[in-house]
Structure formats: structure tokens, C-alpha cells
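Contents: one structure, followed by commentary.
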Amino acid sequence: MASKLETYQRMRSFDKTLEPSGAATHGARAKPAAQRALSFVIQEHDARRLHYDFRLELDGTLKSWAVPKGPSLDPSVKRLAVHVEDHPLDYGSFEGEIPEGNYGAGSVIVWDRGTWAPQSGSVEEAARNYEKGKLKFTLDGEKLHGGWTLVKSHMRGSGDKEQWLLIKERDEEARPEAEYDILSTRPGSVMSDSLGARTKSGVLRERAEGKASAKKATARKVTTKKANGHDHPDIVASQSAESLRALSHEPAIEGAVKAKLPSSFEPLLATLVDAATPGDDWAYEIKFDGYRVLARIETVKGRREIRIFTRNGNDWTTKFSKQVKALDGLDIESGWLDGEAVVLDERGRPDFQALQNAFDVGRPQDIVVYFFDVPYLNGYDLRKVPLVQRRAILKALIEPVDDPMLRYSQDFAFHADELLKSACDMGLEGIIGKRIDGAYVSGRGTSWIKLKCRRRQEFVIGGYSEPSGSRGHFGALLLGVYDTHGKLQYAGRVGTGFDHATLVAVKKELDKREVERMPFASEPQERSRTPVHWVKPELVAECNFAEWTKERIVRQASFVSLRGDKPARQIVKEEPASAKKVAANPAATKTAAKKTTAAKRPTSAVVEGVKISHPDRVFDKSTGLCKADVVEYYTSVAEWMLPHLKDRPVSLVRAPEDIGGELFFQKHSAKLAIPHITQHPDIDPGHPPLLTIESPQALVGTAQMGTIELHTWNALASNIEKPDRMVFDLDPGEGVGWERMIEAARLTNELLAELGLESFCKTSGGKGFHVIVPLVKQAGWDEMKDFSQAVAQRMASTLPKLFSAKMGMQNRKGKIFIDYLRNNRGSSTVAAFSLRARPGLGASMPLAWDELEDVTSGDQWNIGNVRERLDALKRDLWAGYDKARKRLTAEMKKRLGMNGSRK
């Protein structure tokens, strides 16, 4: 034990500090760790810099990490955690003042404490995983709960300390940081009345002068001085998206100045740097491989005009017709929005050539614009408002717009080197760093920096060589950059990166500009006997390359594209600035505003005996519908829905954040138990227990765990190998009108009736219909699935212009896919009355066949009008369902041509 605490004890003088020495730790806990819960503690440590010490009991000590920004409940936020020396177990209850002159001088409170457990395996396995650098665990504290991960990065900090990342897992306890900051919402000690470094409202106190080497820091305030007759609310503290949208109507915040909307606007340009800047004052975004665009919105006498410009002021509005229409949905009277236009490939990565193609063939619907700043808004110049506040307003404005062509550019709370490595591994161009308190200053500045995965920049085309061999059109482009005297200096050649279409397109532009006079300041000295042609220095080519030689020539250049958005006279050699110098000179770009804290929100409610945590969490940003609405809905339809759920294995579609984020499909029991749910072990061999919902309490319990959709199997848990229903999901392809969907459902019913099977219909809650056939529990899974496939194939062959029985979008363009694959063992279909995780929260609604013609869409019923329909119904529309069960007979199979089918 002494060896484990040797570093800890060597760093402290226990005659001068009240910190425990650890000498008595071994005898303090007689019970072995394997027989009791392991402890964890998080201590707020207001030393030279405020930070949080995260400690886990493991192998007889508290393994410890210093977390500068403290824990976050947002899974997308990865907190730096610097591994420090082991602490004794009794340090977990230490609170007090560490005197001046001692290591870690400052005040310490126990911000949270409780127990932890490995997410899987034994404590011994957890110890081995810790040694390997990745530990997944569950916390049960007074403030923190749920799953977490600690993972070691490859970076090293000062003193060669290991740098880890503390990450919240996506579960019911996760919360977006923009909505909820646990540190400011729940300040203070869990052991005493001490509030530590914060006030009761969560605002950081003004720090004492006497802290070791500490500079005096001003207190954060919820409101600041008045200007233009308005209070200036601290908008990062009041982080409700709704309140931000309300504030955006007149953003009279600190730094904002009333101003007319300028007719033109020059954007802020990032400076290339040689490394990530030190310090915590930077936020990082992905560097998009596209065209910089600026959207100008102005409303005059009730008429809104929206125009989109390039960074050099070229009006490209006609190229962005779809985006202009989408921007019209923003709740903005006037403003300038700064962003980047891209086309995403199948893996979600920007593809610059695809963007060029979209412009060339006139396909604005392929283009996505990521917005990252709002320098002017609704009569105010926001350029001197801190970046973090401008972006908070922008996010609140962009996210409610239900159009994939407009998106908000997220930043990542990640160490810059880690993020750059990830970006490069993904084949992205690089990352952009922005000073979080920075002003928006037009032109090239140091409040925005860029780090690239590979050398890449624009060059001016001064000529081209003739082709040789089988190559047509031209051989290589001759490149140049302008020097400080305005002369075009030769910079090398690029002869790769062209396909046939590009060769043709570029040659066409070259022919328009061919001249006799060489445009370069001096003749290229490269050895080549290939004749060259000169052109006017007007075209700009973007190229990748390996390096600059000492002769200032690029090596291994590869052509990316022509750039029509950048004037040739602005193209110079990009020289990376020193990151240290950029970080050391913040004064020119900083604003005076302070960081802020999150607003408090209601935390719980009780429904059907189930405690509902975070009832105000918004699930659907398009409508503002929240968790409490979903709970209330399932409570109100429980009587109607439970007959469709009882004894039937259910799969859950859960939204830990909101339906626009990542969704989770849960088929089996998980570590986080769902209140009142019934588990069925051993009926799905090799897997955890299947789940069924048998009561209103269990239905509410699923909603408490963030469930939006409930999907059910085609068999009961009591007889899992004998399906008791068959499902046909009618899924429309592109271009299919709703009248054809109604016709398809009617024809499916008629064909099944001809076979001797009775069917029932419901809307999917999305785009189509589900046709359900009740069966006697006689056939096995394979037999039932083969039968359903034969039905689908018969319909597709009989009406090939209406139906397709093959998956893939290419097989159902203008057709309806009869999805019979839901009849596999383990597959499931959204249950009757289940909500759908789509904007508006549509619901799957049972129908009578005689009302089919009156249905207007697959999501005609939703969370807001289902109860009204149920109240108006005089009877259960599926009352005859159980009596309609039939066997799959040999005669039915014969009529479908299943001569070789299983009996």
C-alpha cells in the first residue's frame, strides 16, 4: 500500500495540511472490495485554477484524474481528464482548505460521491481494463448517474502526465450541454452546506486574491450594465433554446450595437497555423471542403428578400434556390449568416467535386449549407458579442428548421490534436479553431485558425503543357502565386487528379484565355521539352501537395478543382503562423463578455407510480414536444394499446437526446432496468431476456427511459416459435402519390381474401400502411416467412407497375415495396398506437377497411389528435381480430405456386 501512495505522500507535508496521510487506510475497510460497492468521489478544487478531481476506488486506492472543466452529461462532450497520483481511500471524505505554500493550495469540497460498478465483468477485469487505458463503468451518486467511460489518449500533458477523456454514455441520464449544465445547476457540497466556488444560483464567485499564483477573476453575472436602454442577459446562462429564440428578436446583449443591415459584408477568414494553440479558450469545428457563403436576409414593408453571396461578394442566389426557400423558414427579420456550402458523400463527408457537379448540372437539392456564425441579426451588429454567445443564438435559430439543407456547424469539446487526428483519419480536410470570446473581425485574423490534414491551397493557372502519350487536352497546369509586390511567381506543375470530364472542362476554360505573353515574373526553370501555352492569370486551381521545396516549388501536386469563388489576385503562398504567437496575442480579437451558467429547470414528476426524470426534455424540436408529452400520451392510450402489447416481445426505439439525434433500438434487457417491464429469459437463446409490457406502469416506464417507438414481434413470448400473425408493410418509393397507397392497401386486402385470409389495416405513423393477417399458432417462422414472400412476389408480378418485392431504392422508384421481411424470426413492426420518432410524432392508427378512402396520410394521426379519435369511436375497429385467425393451408400455398414449400 505504501508504494501506491508514495507519490501522494511525498508531495505533501501532513504537519501543515489537514489532508489524510493514508497511513490508516488499510485497516479502515475490513470488507474486501469484491463483497461491497466501490466508492467514487468528485471534489471541486478551487486552487490556482478551478477544476474537479474525479476519483474511483480501485485496487485499494482512489485512482484520480483532474478534470479542468468538470463532468458533462452530454455524450458529445469529451472532457479532458489528466491522470494524477493515487489518493488514499479516506481522501473521499476530505473537505477543507489546503494552506498557502502547500501542493494544491486552495479550498476543496465534495461535489458528489456514491458508488460505481464496472459495466460488465468483475472488478478484477475492470482493474485490467484500467491498465489497458479504457474503463467503462456506471455511477450511482447523489448528482451523477448512468454509464460513463474513461479512455486514455495518446497525448501527454505537462510533466508527461497521461491525458484521458471522461465521456458520458448515451443513456437516460444524458443531457445536451446546451440545455443543462450539471455543474452550475447543482452547485455545492453533498457533505456540508458549503457552496464552494459558486453561489447558490450556480454562478462562479469572485475568486480570492491570495490563491497561489492566481489572477483575480471577475464574477460571472446574469445581467450586466444597460446599453441602448436594455438589460444585457447572459445568454449562455439562460440556455433554453426557446428563450434564445425570443431573445434573438431583439438581441440587445453586451457587445451588441444597434445598426442598419449593411448591403455587403466581408467575412472573417481563418489563419493557417503550424499546431494547435495552447489553452482552453478555443472551440473547434470541422473544416468543411466546400464554398464559403454568406446569406443576407432583409424584410422591408413585409416583403422578405434573401440573397446568398460568395466570400468575395458574388451573388450566387440563383445557384441556391432550394436553400433560399429553406432560409425563408427562419424566424429572422434581418441578418447576415456565415456558413459553408457542401455536398456530402454516402459516408457523410464533404465531397468538393460533387459540389462542383451540383453547380454545373443545377442540382441545388444536393447542397447542404452549414452555418457557423451570425454577425448581424434583427437590427443589431453582433460582431463584438463573444463567439460563444453569437453561436448560442444561431443554434437556437437553425435547429428548429426542419430542412436538411440548412444545418448548424457543431463544435467539439475535444483536444485539438485528438480532433485533428480523427478528422484526418476520416478523410476530412482539417479543423477550424475559434476563440470562444472572440469578436468577428472581417478579413484574415487570428481569432479563427485552421489546421489542415495535408498541404492544400489555391494557385493561379499561368499556362499548360501539351499532352503526351494517350493523354488528351493538356498535360499539366503551370501554377503560380502572387508575391508581396503583386508579381506572379511560378510555383510548379500539377498533372494528376483529372478525369476525362475535368480535362475537357478545364481545357475549355484555358482556350478562352490563351495569350502569347508569359504571365509569370520569370520563366519556369523546370526541365521539360514539352511545349507550353500561356494563359491570362484568371483561373484559380485548388491543389493538394506534399511540400514546398527550398526553391518554392510544390512537390507531388494533385488537382482538386477550379475555384470560381476566389479572385486570382488574392492567391498567395500560405505560410503557417506560429500557434504560440496566436495564443499569446488575444487582445485584438477578444470581447469583454464573460462565460455563463445554465438556468435551473424542473427535474422530476411522478406518473403511474413511475418517477419521470427531466420531464421538460424536448424530444421534437420542430414542435417543442417534450418527454412529459410522450408520458402523458402513453398514459392516455394505455387501455387501447395494451391488448396489442401483452405477452408480445417488444423492441424499443429510444431517444436519449431528441429525435434529431442518435436513436437506439433496444431489443433485449439492458443494464439500466426499465420500471415494471417483464423479462423473459431463455426464449431467445444466446441473448439477454426479451421484454414484454403487461401494465400501464410498464408502458410509462418505457417512456421514462426515453422510448418513443414500440415495435412488437409476430409471436407471443409464451409460444415464441409459432408466429400468430403475418405483416405486410406497404412502403412507398419516390414519386408514389397517396391515392396509389390507398389502392395498394385495398388490393393487398383483396388478394389475401381470395386466399382465404382475413386482414386488418393500420397506418404506419410514417409514410404508409401495415396490413396484418392474424394466424393460428401452427406454422413455424420459416414457413410463414416463405408464404409472405410468395404473396409479395405474386402481387409484384401481377401488378409490376404498382408493386415491388425487392429491397433497394432502385427497385421501388415510382412503386410500392411490399416489405415481407418483417416476418423473419426476431423482426418486429411498430405497434398499434405507437408514436414514431419523426417530426410531429405521428402515431400508428388501426383502421376499418370501409374508412380507408378517407385517410389522407400515413401520419394523419399524431400525438395531438389520437385521443380525439379514440373518444369519438363507438367500437373497437379490430374487435373480430382473434376470431379471424386462419392456418396457412396447402391449398393456399398451391395457389401461390409454392409447390416445393415447407409443409
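Scoring Ser636 on the criteria (1) surrounded by fewer than 19 Cβ atoms within 10 Å (Cβ to Cβ); (2) out of contact with any helix residue (DSSP H, G or I) (no Cβ under 6 Å at 6 or more places or on another chain); (3) hydroxyl-bearing (Ser, Thr, Tyr) leaves a single failure, condition (2).
Among the residues of region 444-501, which ones are assigned to a strand (DSSP E or B), within 41 Å of the chain's Cα centre (by Cα) and among the aromatic types (Phe, Trp, Tyr)? Trp448, Phe459, Tyr482 - these are the residues of region 444-501 that are assigned to a strand (DSSP E or B), within 41 Å of the chain's Cα centre (by Cα) and among the aromatic types (Phe, Trp, Tyr).
Being under 32 Å from the mean Cα position of the chain (by Cα) and either among the acidic types (Asp, Glu) or at pLDDT below 95 (or both) is true for just one of Asn899, Asn862. Which residue is that? Going through Asn899, Asn862 in turn, just one is under 32 Å from the mean Cα position of the chain (by Cα) and either among the acidic types (Asp, Glu) or at pLDDT below 95 (or both): Asn862. Scanning region 834-889 for residues that are among the acidic types (Asp, Glu) and in a loop (DSSP other than H, G, I, E, B), we see that the one that is nearest to Asp658 (Cα to Cα) is Asp859.
Residues in region 768-792 that are of a type outside the set (A, V, I, L, M, F, W, C) and buried (at least 19 other Cβ atoms within 10 Å of the Cβ): Gly768, His770, Pro774, Lys785, Asp786, Ser788.
Count of region 664-673 residues, restricted to those that are at pLDDT 85 or above and either assigned to a loop (DSSP other than H, G, I, E, B) or touching a His at 6+ places or on another chain (Cβ under 6 Å) (or both), is 2. I want to confirm something. Restricting to region 234-255 and keeping residues that are among the small types (Gly, Ala, Ser) and at pLDDT 80 or above, which single residue is nearest to His614 (Cα to Cα)? Checked region 234-255; the qualifying residue nearest to His614 (Cα to Cα) is Ser248. Where residues in region 277-309 are outside any loop (DSSP other than H, G, I, E, B) and under 19 Å from Lys421 (Cβ atoms), which of them is farthest from the chain's Cα centre (by Cα)? It comes out as Trp282. If I filter region 642-663 down to residues being assigned to a helix (DSSP H, G or I) and either touching a Pro at 6+ places or on another chain (Cβ under 9 Å) or among the polar types (S, T, N, Q) (or both), which single residue comes out as nearest to Gly624 (Cα to Cα)? Only one residue fits best here, namely Leu642. Which one is surrounded by the fewest Cβ atoms within 10 Å (Cβ to Cβ), of the residues in region 648-666 that are under 14 Å from Arg175 (Cβ atoms) and small (Gly, Ala, Ser)? Among them, the one singled out is Gly661.
Between Val401, Val441, Val460, the distinction of being among the β-branched types (Val, Ile, Thr) and closer than 30 Å to Pro839 by Cβ belongs to Val401 only.
If the condition is being under 24 Å from Asp360 (Cα atoms) and part of a strand (DSSP E or B), then region 515-572 contributes Val535, Val540, Ala541, Glu542, Cys543, Asn544, Ser558, Phe559, Val560, Ser561, Leu562. Does Leu755 fit the bill of being buried (at least 22 other Cβ atoms within 10 Å of the Cβ), hydrophobic (A, V, I, L, M, F, W, C) and farther than 19 Å from Ser827 by Cα? Taking the combined requirement at face value, the residue does not satisfy it.
Among the residues in region 105-116, are any of a type in the set (Gly, Ala, Ser), under 20 Å from Pro75 (Cβ atoms) and surrounded by 19 or more Cβ atoms within 10 Å (Cβ to Cβ)? Looking for residues that are of a type in the set (Gly, Ala, Ser), under 20 Å from Pro75 (Cβ atoms) and surrounded by 19 or more Cβ atoms within 10 Å (Cβ to Cβ), one finds none in region 105-116, hence no. Considering (1) among the hydroxyl-bearing types (Ser, Thr, Tyr); (2) under 28 Å from Lys287 (Cβ atoms); (3) at pLDDT below 90, the lone condition that Tyr482 does not fulfil carries the number (3). Scanning region 173-229 for residues that are of a type in the set (Val, Ile, Thr), at pLDDT 70 or above and in a loop (DSSP other than H, G, I, E, B) yields a count of 3.
Select from region 174-207 the residues that are among the charged types (D, E, K, R) and crowded, with 20+ Cβ neighbours inside 10 Å and write down the one among them that is farthest from Arg79 (Cα to Cα). In this case the residue turns out to be Arg198. Taking every residue in region 848-871 that is in the same structural domain as Phe769 (by TED's automatic domain parsing) and under 21 Å from Ala745 (Cβ atoms) and pairing it with any residue that is of a type in the set (Ser, Thr, Tyr) and assigned to a loop (DSSP other than H, G, I, E, B), at least 6 positions away or on another chain, the pairs with Cβ-Cβ distances below 6 Å are Gly858/Ser764.
Across region 738-791, the number of residues qualifying as of a type in the set (S, T, N, Q) and either farther than 18 Å from Asp882 by Cα or without any contact (Cβ under 8 Å) to a residue 12 or more places away in the chain (or both) comes to 5.
Count of region 523-560 residues, restricted to those that are over 45 Å from the mean Cα position of the chain (by Cα) and within 17 Å of Ile461 (Cβ to Cβ), is 11. Listed by first and then second residue, the pairs with beta-carbon distance under 6 Å, at least 6 apart or on different chains, first residue in region 362-381 and closer than 18 Å to Phe288 by Cα, second among the acidic types (Asp, Glu), are Tyr370/Glu340; Asp373/Asp338. What number of residues within region 384-432 satisfy the criterion of being in contact with a helix residue (DSSP H, G or I) (Cβ under 6 Å, 6 or more places away or on another chain) and of a type in the set (Lys, Arg)? Selection size over region 384-432: 0. Here Gly196, Gly133, Gly121 are screened, and the one residue that is free of Cβ contacts under 8 Å to residues at least 12 places away in the same chain and at positive phi is Gly121.
Using the structure shown, decide if Gly475 is surrounded by 12 or more Cβ atoms within 10 Å (Cβ to Cβ), in contact (Cβ under 8 Å) with a residue 12 or more places away in the chain and either out of contact with any His (no Cβ under 8 Å at 6 or more places or on another chain) or not aliphatic (A, V, I, L, M) (or both). Yes.
The values are calculated or read from the model by the stated rules, or taken from the named source; none is laboratory data. Computed from a predicted structure; not experimentally measured. Methodologically, a virtual Cβ is constructed for each residue, glycine included, from the backbone with ideal geometry; neighbour enumeration extends over all protein chains shown.
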